[in-house]
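Asker: Input: one structure, supplied below.
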Amino acid sequence: MIVELGHFALILAFMVAIFQMIVPMIGAARGQAGWMAVASPAATAQFALTAVSFGALTYAFVTSDFSLSLVVNNSHTLKPMIYKITGVWGNHEGSLLLWVLILTLFGAMAAWFGGNLPPTLRARVLAVQSSVAVAFFAFILFTSNPFLRMEIPPFNGQDLNPLLQDPGLAFHPPFLYLGYVGLSMAFSFAVAALIEGRVDAAWGRWVRPWTLAAWVFLTIGIGLGSWWAYYELGWGGFWFWDPVENASFMPWLISAALLHSAIVVEKREALKSWTILLAILAFGFSLIGTFIVRSGVLTSVHAFANDPERGVYILAILTIFMGGALLLFAFRAGIMEAKGVFSTVSRESALVVNNLLLAVSCFVVFIGTIWPLIADMFFGRTLSVGPPFFNAAFTPFVIGLAVALPIGAMLPWKRGRIGRAMKPLVGAAVLAIAATLLSYAMFTGSSAIGPLAIGLSVWLVAGAAVDLWSRTGRGEIGNRLGRLTRLPRADWGKAVAHAGFGITLFGIAALTTYQIEDIRVAQEGQPYQVGAYEVELVEVRRVEGPNYFSTMATISVTDHGRLLDLLYPERRIYPVAGMPTTEAGINNGFTRDVYVVIGDPQDNGGWAVRTYIKPFANWIWGGAIIMALGGFLSLSDRRYRVAAGAAKARVPSGGVPAE
């Protein structure tokens, strides 16, 4: 009964979405307030019905209702409860329902918190948002129905993919979806503004918090995925330039560019066309990511589905929405005339450089990701584009961005001078150069890229601190410290996010340049040296888990005769799914990780063991957390809330309130 209720609620939500897509848009075109007003309750109803549907599917997984085909294919009675719940979105159909749930949540939030928006703009935003929901509701109901029944229910299920039975990856998709789908709001605002013929400073203020929220959630989601890859896959890496990793990274880059570009629209009413285009492209790359994950055109361990027919449907959604939005963008180019002018040396110009670096780097990642597909389709060649290409092509843009960020933050609006902007940054520059030379001297013979990246990371963190301190004005240190605590949260958020980027860059540079790797056949009771640590394989035993069998090693790590830790790397087999997984043993430290992986038994009685010393590994994810924290700090600033400050609205001749 509950499952049928969930299916029925999904169909009702689809019908409400169609209503919300049409009626408010007509009302906005005709100026009919009653028709526009239905958008808000419709958005709330759409979210509530989708939540009921998602709740019903979750109930089916929790209770192991094997009358549902989806539960049979992705669950098992012996699976721990947390993975029964996360199994709801650990598959194509359930994850798509989660996608739509988040999509309708953002639409409902726009209705709840968009009271200060002009009525016509709010109606159009909610109608455009609902049009995206209509497409995905149709996709679910007609091609990916999660409520399909089994004619003869089995006694048990086939279990969830063992790689997904992990806390890191369990929460990775929801955060990514909050980011992916959050960019739909920027898209809806862009299309609604184009329809309305109004792109101004107020529009820039309204679109920024949605973009910032999406960017923050993408940051958390990407960080969780990277962390999972680091400790779960047993390779000791944090990023592999996998197509699905790139699918989440591309909208992150574009949303970062959009976030900075919207500042120029708000402050100076410039870069309007570029900002609208970025808002369209940001969601476009989210749809491209959905296509990559669910079409099967590119192979990835992260892929949810391998169904070309579903891929064609997503490609049609991408074509309709992106093609329609870009066509509208071309027709409405005349309304986006820039009002603010600025010199070559100014904060506006620095933000333009920032945008170009982010956009071109995204394009490079996009080309590298789809090139194997293009080579196969048009040239009949099977190619693989791997880390060497991405590292060589992407690194210069990261270097340029790291150099430009502190300088751009110190430049004034409209016009400025490089010399004056650099004067407060002299200390940061000296510190960065010293860090570069010191790291190069300590590791003679290593690549110059590592020390350079470390120097740039110091430059970013120190530059963020200087930027924050410069906003306290002049006077005694005590007075400036007091003013520092009273600075707007947005200023703190920007500085914290930039510093987080620097910390992540430092962790990546240190880990990739200075890690120590040891691969050997280890005998029980025979210690060996790796870097400054003595490692010993103590024993290997068989362990039975709740739904798996494990070969678990006990490995001691000693530091100058002192036992540092006992590590327990595993090789697990999930008998229901018939799949193996690797669980690394990791001793986490502030400045390094000792990372151990157990391999196969050898003919001589030993075991293959891989040991790594990974310097500053946790700084990578610590930096991501700090970046997200900076975003949350900015979101908490009153000025970043939707239409904040709109109380002092003026009423133009058309009678529509505006800021």
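The values are calculated or read from the model by the stated rules, or taken from the named source; none is laboratory data. The structure displayed is predicted, hence computed values, not measured ones. Every residue, glycine among them, receives a Cβ derived from its backbone with ideal geometry; neighbour counts consider all protein chains shown.
Asker: Answer yes or no: is there a residue in region 72-80 that is of a type in the set (Val, Ile, Thr) and within 30 Å of GLY157 (Cβ to Cβ).
Answerer: yes
Asker: Sticking with this one: Just for region 233-268: of the residues that are more than 19 Å from PHE390 (Cα to Cα) and either charged (D, E, K, R) or not in a helix (DSSP H, G or I) (or both), which one is modelled with the lowest pLDDT?
Answerer: Among them, the one singled out is GLY234.
Asker: Looking at region 435-462 only, could you name the residues that are closer than 30 Å to LEU481 by Cβ and in contact with a Gly (Cβ under 8 Å, 6 or more places away or on another chain)?
Answerer: ALA435, LEU456, SER457, VAL458, TRP459, LEU460, VAL461, ALA462 - these are the residues of region 435-462 that are closer than 30 Å to LEU481 by Cβ and in contact with a Gly (Cβ under 8 Å, 6 or more places away or on another chain).
Asker: Name, by its number, the condition in (1) over 24 Å from the mean Cα position of the chain (by Cα); (2) crowded, with 19+ Cβ neighbours inside 10 Å; (3) at pLDDT 90 or above that does not hold for VAL199.
Answerer: If we test VAL199 against (1) over 24 Å from the mean Cα position of the chain (by Cα); (2) crowded, with 19+ Cβ neighbours inside 10 Å; (3) at pLDDT 90 or above, just (3) comes out false.
Asker: Within region 250-285, can you find the residues that are of a type in the set (Phe, Trp, Tyr), crowded, with 21+ Cβ neighbours inside 10 Å and within 21 Å of LEU326 (Cβ to Cβ)? I'd like the intermediate steps shown before the answer.
Answerer: Step one: list which residues in region 250-285 are of a type in the set (Phe, Trp, Tyr), which gives 252, 274, 283, 285.
Next cut, crowded, with 21+ Cβ neighbours inside 10 Å only: 252, 283, 285.
If the condition is that a residue be of a type in the set (Phe, Trp, Tyr), crowded, with 21+ Cβ neighbours inside 10 Å and within 21 Å of LEU326 (Cβ to Cβ), then PHE283, PHE285 are the ones that fit.
Asker: Look at region 370-388 and say how many of its residues are in a helix (DSSP H, G or I), surrounded by fewer than 16 Cβ atoms within 10 Å (Cβ to Cβ) and in contact (Cβ under 8 Å) with a residue 12 or more places away in the chain.
Answerer: Summing the residues that are in a helix (DSSP H, G or I), surrounded by fewer than 16 Cβ atoms within 10 Å (Cβ to Cβ) and in contact (Cβ under 8 Å) with a residue 12 or more places away in the chain in region 370-388 gives 3.
Asker: Quickly run through region 568-614 and pick out the residues that are exposed (fewer than 14 other Cβ atoms within 10 Å of the Cβ), among the charged types (D, E, K, R) and either assigned by TED's automatic domain parsing to the domain that holds GLY168 or farther than 13 Å from VAL540 by Cα (or both).
Answerer: Within region 568-614, ASP603 is the sole residue that qualifies.
Asker: Do we have ILE620 as under 27 Å from PRO162 (Cα atoms), in a strand (DSSP E or B) and within 35 Å of the chain's Cα centre (by Cα) here?
Answerer: No; evaluated as a whole, the condition is false for this residue.
Asker: Check every one of the helices (runs of 4 or more DSSP H) wholly within region 409-485 and list those with 2 or more residues that are in the same structural domain as LEU351 (by TED's automatic domain parsing).
Answerer: In region 409-485, there are no helices (runs of 4 or more DSSP H) which contain 2 or more residues that are in the same structural domain as LEU351 (by TED's automatic domain parsing).
Asker: I've got another one for you. I'd like the full set of residues that are within 17 Å of LEU121 (Cα to Cα), assigned to a helix (DSSP H, G or I) and among the small types (Gly, Ala, Ser), limited to region 181-232.
Answerer: SER184, ALA186, SER188, ALA190, ALA192, ALA193, ALA201, ALA202, GLY204
Asker: Quick one: which of LEU163, LEU103 is assigned to a helix (DSSP H, G or I) and at pLDDT below 85?
Answerer: Among LEU163, LEU103, only LEU163 is assigned to a helix (DSSP H, G or I) and at pLDDT below 85.
Asker: Any chance region 349-369 includes a residue that's closer than 29 Å to GLY94 by Cβ, surrounded by 15 or more Cβ atoms within 10 Å (Cβ to Cβ) and hydroxyl-bearing (Ser, Thr, Tyr)?
Answerer: Yes, region 349-369 contains a residue that is closer than 29 Å to GLY94 by Cβ, surrounded by 15 or more Cβ atoms within 10 Å (Cβ to Cβ) and hydroxyl-bearing (Ser, Thr, Tyr).
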